[in-house]
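Engineer: Got a structure for you, questions after.
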Amino acid sequence: MGKIFCLMGKSACGKDTIYKQILAHGNLPLKILIPYTTRPIRDGETNGVEYYFVTEKTQQELEEHGQIIELRSYATVHGIWKYFTVNDHQIDLQNNHYLIIGTLESYLKLQHYFGKDAMVPLYIELESGERLQRALNRERLQTTPKYKELCRRFLADEEDFSQKNLKQAEICRFFENKDLNLCIKEIISYIKENI
């Protein structure tokens, strides 16, 4: 049976960079499991790469057809944004292993849907001051920076990924992103051990 490796961590901890470099490694039999969102696309993102960017109507249609595995809604300063995983053409755990970026909540919901044996958590850690600086640097590059949303998300992640919540989810293996290359090397090694 295939595994779903769920890369997660607080905002601006380096998940996107790590995700892309793991996939570029080429020596891992991992397929991409692209999540869906109703949030606006950011500068530099491509539909069908980071996310499938869909309308609220499309999300509701998928839900009516029973295709949504897990869904999270966030009350942002710009309205309700939804992130979700769809049981669509992408998933074949009989023949494939997958890599996905998620949250602790999505990890637990996927674990409930596919079973504990199918899910492997990859939790990325980074010192809070460094994360905040990275988030600020990234937001400054946007055509229309959304600083209030950056602050809301930063504070929400502190709560969502608390040590208590990580312990309850039985996540005890952390990968520190102090040295990006070393972090990626450790994650790749861990993935190979768990395939």
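Engineer: Scan segment 159-184 for residues that are in a helix (DSSP H, G or I), under 19 Å from the mean Cα position of the chain (by Cα) and surrounded by 12 or more Cβ atoms within 10 Å (Cβ to Cβ) and jot them down.
Structural biologist: Result: Asp160, Asn165, Leu166, Leu180, Cys183, Ile184.
Engineer: Does segment 52-65 hold any residues that are closer than 22 Å to His112 by Cα and either buried (at least 16 other Cβ atoms within 10 Å of the Cβ) or modelled with pLDDT under 95 (or both), and which are they?
Structural biologist: Result: Gln59, Leu62.
Engineer: Do you know which residues across segment 73-108 are over 23 Å from Lys31 (Cα atoms), surrounded by 15 or more Cβ atoms within 10 Å (Cβ to Cβ) and touching a strand residue (DSSP E or B) at 6+ places or on another chain (Cβ under 8 Å)?
Structural biologist: The answer is Tyr74, Trp81, Lys82.
Engineer: Hey, could you check segment 4-44 for residues that are part of a loop (DSSP other than H, G, I, E, B) and of a type in the set (Val, Ile, Thr) and say which is surrounded by the most Cβ atoms within 10 Å (Cβ to Cβ)?
Structural biologist: Ranking the qualifying residues of segment 4-44, first place goes to Thr38.
Engineer: Tally up the residues in segment 85-139 that are over 15 Å from Leu166 (Cβ atoms), acidic (Asp, Glu), touching a residue at least 24 places away in the same chain (Cβ under 8 Å) and not in a loop (DSSP other than H, G, I, E, B), please.
Structural biologist: So the count comes out to 1.
The values are calculated or read from the model by the stated rules, or taken from the named source; none is laboratory data. Since the model is a prediction, treat every value here as computed from it, not as a measurement. Please note: Cβ atoms are built from the backbone with ideal geometry, for glycine as well, and neighbour counts cover all protein chains shown.
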